[in-house]
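Q: Below: one structure in C-alpha cells.
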Amino acid sequence: MNDTITAKDKFHKSLHKYARLKRFFERFSADPEFMRNLQSDFEDTLKKNHIRIDREEVHYLFEKSSQDIPDSVKKMWEIVQSKQKWVEQFYLKDCLPSNSSMLTWRNRQIKRQKYDLGPFFTKTNIHSSLAVELSQGCSVGCWFCALSPDSLKNTYSHQSHQEEWIRFIQIMKSFLGDAIKSTFLYWATEPFDNPDYEKFCIDLYNETGVFPPTTTAVAHKDIDRIKEFIKISSKHGSWLNRFSLTSLGIMRTVHKNFTEEELAEVECLPLNKNANYTYGNSGNFRERTKADPSLLIEQDEKLRTAPWHNQDIDYSTSEDYANGSICCVSGFLVNMVSRKIQLISPTTATDKWPLGYIIFDEAKFENIKDLKTTLIKWENRFFNNEMTPDDLVQFYPWIKPHFTEEEIILQGRFNQKKQFFVNENPCMISIIKIINSNKCSFKDIQIKALEEFSISLIDSKKIINTLFSNGFIIENQKH
Ligand code: SF4
C-alpha cells in the first residue's frame, strides 16, 4: 500500500508543480497556429489562450539550444513517467482479480495484446476488470468516436436503484476481489449525461475505497457542476480526471473558466482533428477511414512522430496503424439501464470486432441472482488454463509462424515475436503445421500428431496449451 501511496503522490506532485507548463503544452499540441502566433506576439498569444508562463520556460522553441532535451520537455516527461509508474503499481499490481482462473484468463489476454496491438498499447493500458455504463447511448455524438454509441435514450436513476446498485458492486467485488478497484463508470457513454453520476461514484468509493477516474467531453457545458465534481473527486482521493476537448474553441473555454491549479489533476486531451493526438481506428472513426483512407494515412503520419514509435525499430518498420483500439478493459462491461453484461478484451478493430474489442459472450440480467449465474457460467466456460478436447484450435489470423533450424518464431503485428528453441521443443513444428493445415479440434490434432509423427498425447497436449497460454489461439471456438 505504501508503494501505491508514494506512486500517486509523486504523480500528483508533478502535475501540480508543472500545472502552468502543462496547460501551455495542451494548447501547443492542439493548435498548429499557436507556434506561429507565439512567434509574432508571445505575450498576447498566451493571454488570449489563458496561459501563464515565462518565455524563458519554453525558450528552446525560439532559439537553438545546446541541450539535447529541453528542460520543459523533461518536466512533461516527469509527468508521463510518474503516471506510468502509478499505472504499473496500481492497475498491474494492486488491482488483480482474486479469482485465480480469471487472473489466468486476464494474463493470457494481456499476452495476446502485445502481439495484437503492440507493446506500447499493452504496457500503458490499465487492463481494468470492470466498466459500467450508467446511461444508454450518448448525447455528444463525436464524429471520431471509437465506440459508436446510439444517441442518448435513458439513464439509470440513483433514487430508484441505489439499493440494487450497491448490491451490484458487492456481488462484483466478491467475484473480482481487489480488481473491483479498477472499476470506472463510463464506456460508450458521457458520464455527466446521468444527473446522478456523482452519487454513483461516491457509492463506489464507499464500497471499494476507490473513487473512479472520469473522462468527460462536456466540461465546457455545466462548468459549476464540473468544478464541484473535481472537488468531490479530489476529496475522495481520485487519481485522475480527463477532459476530452473536441475543438480549439472548447479548449479556450475550458482554459478560461478553470485555473491551472483547478485542472492540475485533469488531463486535457486535445481531440480536434489537427491536434497531435491520434484517434483510435475503430467505431465511427474506422467507418470514416474505410470511406476515406487518406484520413488514416494522415493519422499514421502523426503517430510515427511519437518517440515510442519512431525510436522502436519494430514499430517504425511495421506498416500497421498502432492505434487500433481504445479499449482498456479485459473483463466485464455492464450497462445498468439495458441490464446487459459482456465479457470483453481489446483487439485491433476488424469487420468482426469493429469496436476494437472481442466480445467473448454477453447476457442479460433481470436481477442480481441472474448476474451471479452468468458469472459462474462464464467462469467455467472461459476462465480456463487449458483448452478442452472439443475446442477448435486455430491461430489468430495475424499470427505468422516461421521456422529456422534452431528456432520456431511466432510473429504478430508490429514485428512482435515469440521464439521457442527447436531443441527444447522438438515436436512443436509438427504441431504448428497440423494446426495450420487443418481446421481441427484439440483431440483431432492429438490423434494426427500421434499417427503421423508419433508425438505422445501428453506432449501434444502440452504444446497446444503452451501456444494457448501465450495468447496465439482464438478462444472458445467449438468444432
Ligand atoms: S467519444 Fe465519448 S462523448 Fe464522444 S460520442 Fe463517444 S462516448 Fe460520447
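Q: What are the residues in the stretch 192-212 that are within 16 Å of the ligand (Cβ to nearest atom) and of a type outside the set (A, V, I, L, M, F, W, C), if any? Give the derivation first.
A: Going residue by residue through the stretch 192-212, those that are within 16 Å of the ligand (Cβ to nearest atom) are 192-194, 197, 212.
Of everything in the stretch 192-212, those that are within 16 Å of the ligand (Cβ to nearest atom) and of a type outside the set (A, V, I, L, M, F, W, C) turn out to be 193, 194, 197, 212.
Q: Can you confirm whether residue 122 is surrounded by fewer than 21 Cβ atoms within 10 Å (Cβ to Cβ), touching a residue at least 24 places away in the same chain (Cβ under 8 Å), in the same structural domain as residue 341 (by TED's automatic domain parsing) and not basic (Lys, Arg)?
A: No.
Q: Here's a follow-up. Restricted to the stretch 177-191, and to residues that are outside any loop (DSSP other than H, G, I, E, B) and touching a helix residue (DSSP H, G or I) at 6+ places or on another chain (Cβ under 7 Å), which residue is nearest to the ligand (Cβ to nearest atom)?
A: By that ranking, first place goes to 191.
Q: Determine whether the stretch 62-69 contains at least one residue that is buried (at least 18 other Cβ atoms within 10 Å of the Cβ), of a type in the set (Val, Ile, Thr), at pLDDT below 95 and at negative phi. Spell out how you get there, then give the answer.
A: Residues of the stretch 62-69 that are buried (at least 18 other Cβ atoms within 10 Å of the Cβ), as a first pass: none.
Within the stretch 62-69, none of the residues are buried (at least 18 other Cβ atoms within 10 Å of the Cβ), of a type in the set (Val, Ile, Thr), at pLDDT below 95 and at negative phi.
Q: Same structure again: Tell me the residue from 421, 414, 453, 472 that is over 30 Å from residue 120 (Cα atoms) and aromatic (Phe, Trp, Tyr), please.
A: Exactly one of 421, 414, 453, 472 is over 30 Å from residue 120 (Cα atoms) and aromatic (Phe, Trp, Tyr), namely 453.
Q: Which residue, of 399, 434, 409, 455, is closer than 30 Å to residue 304 by Cα, among the β-branched types (Val, Ile, Thr) and surrounded by 17 or more Cβ atoms within 10 Å (Cβ to Cβ)?
A: None of the others qualify; the one that does is 399.
Q: Identify all residues within the stretch 145-166 that are within 10 Å of the ligand (Cβ to nearest atom) and not in a loop (DSSP other than H, G, I, E, B); write none if there are none.
A: Answer for the stretch 145-166, where residues must be within 10 Å of the ligand (Cβ to nearest atom) and not in a loop (DSSP other than H, G, I, E, B): just 151.
Q: Out of (1) within 16 Å of the ligand (Cβ to nearest atom); (2) touching a helix residue (DSSP H, G or I) at 6+ places or on another chain (Cβ under 7 Å), the odd one out for residue 172 is which?
A: Of everything listed in (1) within 16 Å of the ligand (Cβ to nearest atom); (2) touching a helix residue (DSSP H, G or I) at 6+ places or on another chain (Cβ under 7 Å), residue 172 misses just condition (1).
Q: Which of the strands (runs of 3 or more DSSP E) contained wholly in the stretch 369-479 include at least 2 residues that are in contact with a helix residue (DSSP H, G or I) (Cβ under 7 Å, 6 or more places away or on another chain)?
A: Per the criteria, 400-403.
Q: Still on this structure, please answer the following. Kindly evaluate residue 345 against the criterion of being among the polar types (S, T, N, Q), away from the ligand (no atom under 16 Å from the Cβ), crowded, with 19+ Cβ neighbours inside 10 Å and farther than 25 Å from residue 193 by Cα.
A: It is true that residue 345 is among the polar types (S, T, N, Q), away from the ligand (no atom under 16 Å from the Cβ), crowded, with 19+ Cβ neighbours inside 10 Å and farther than 25 Å from residue 193 by Cα.
Matching residues to (1) outside the structural domain of residue 331 (by TED's automatic domain parsing); (2) within 23 Å of residue 269 (Cα to Cα); (3) of a type in the set (D, E, K, R):
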{"site": "50", "(1), (2), (3)": "yes, yes, no"}
{"site": "56", "(1), (2), (3)": "yes, no, yes"}
{"site": "68", "(1), (2), (3)": "yes, no, yes"}
{"site": "83", "(1), (2), (3)": "yes, yes, yes"}
{"site": "86", "(1), (2), (3)": "yes, yes, no"}
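Q: Within the set of pairs 6 or more residues apart or between chains, which connect a residue that is of a type outside the set (Val, Ile, Thr) inside the stretch 188-217 to a residue that is within 12 Å of the ligand (Cβ to nearest atom) and in a helix (DSSP H, G or I) with Cβ atoms less than 6 Å apart?
A: Pairs that qualify, where the first residue is of a type outside the set (Val, Ile, Thr) and the partner is within 12 Å of the ligand (Cβ to nearest atom) and in a helix (DSSP H, G or I), are 197/191.
Q: Kindly evaluate residue 104 against the criterion of being farther than 29 Å from residue 199 by Cα, more than 12 Å from the ligand (Cβ to nearest atom) and without any contact (Cβ under 8 Å) to a residue 60 or more places away in the chain.
A: no
Q: For residue 306, indicate whether it is small (Gly, Ala, Ser) and at pLDDT 95 or above.
A: So residue 306 fails the test.
Q: Give all pairs with beta carbons closer than 8 Å in which a residue from the stretch 132-144 that is in the same structural domain as residue 213 (by TED's automatic domain parsing) and near the ligand (Cβ under 10 Å from one of its atoms) meets a residue that is part of a strand (DSSP E or B) and of a type in the set (A, V, I, L, M, F, W, C); count only pairs at least 6 apart in sequence or on separate chains.
A: Final answer for the pair search is 133/333; 133/334.
Q: Among the helices (runs of 4 or more DSSP H) confined wholly to the stretch 24-127, which include 2 or more residues that are under 28 Å from residue 9 (Cβ atoms)?
A: 71-89, 100-116, 119-124
The values are calculated or read from the model by the stated rules, or taken from the named source; none is laboratory data. Just so it is clear, the model here is predicted, and its values are computed rather than measured. No Cβ is skipped: glycine too gets one built from the backbone with ideal geometry, and neighbour counts run over all protein chains shown.
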